[in-house]
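A quick write-up on the structure given underneath.
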Amino acid sequence: MSENDHITGRQIAAGRVLAGLGQSELAAAASISVPTLRRMEASSGLATGLVNNVAAVRRALEAAGVIFVDENGEGPGVRLKKQNQDIFGSRLV
């Protein structure tokens, strides 16, 4: 899914929860207000809002490790990137 593709409000909400972010944290990372993020997450279908705000939320979630999954016959979704780990199990940056 490219940044120009649309994402749904449910994808935003699910991605935020998977990344362990609160609404205020994600809003700050995307430089938008919490009420704007709430409206996006509450959207039925495609996320509503200014294109640049939706794109900013998407970038912030992707930076937190969220991958947006295309419609594959079962509906769009999200998942987390695998974390690279060394032989001792700690995360590599």
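The values are calculated or read from the model by the stated rules, or taken from the named source; none is laboratory data. Note that this is a predicted model, so its numbers are computed, not measured. For accessibility, only protein heavy atoms count, side chains too; no ligands or nucleic acids. Shrake-Rupley method; radii C 1.70, N 1.55, O 1.52, S 1.80 Å.
Structural remarks
- For SER31: the one exception among (1) among the hydroxyl-bearing types (Ser, Thr, Tyr); (2) open to solvent by less than 50 Å² (accessible area, probe 1.4 Å); (3) at positive phi: (2)
- Flag for LEU37 being assigned to a loop (DSSP other than H, G, I, E, B), over 18 Å from ASP70 (Cα atoms) and of a type outside the set (Lys, Arg): no
- Residue within the range 7-23 that is modelled with pLDDT under 95, open to solvent by less than 70 Å² (accessible area, probe 1.4 Å) and at positive phi present: no
- Residues of the range 18-34 that turn out to be part of a helix (DSSP H, G or I), of a type in the set (A, V, I, L, M) and under 19 Å from THR48 (Cα atoms), as a count: 6
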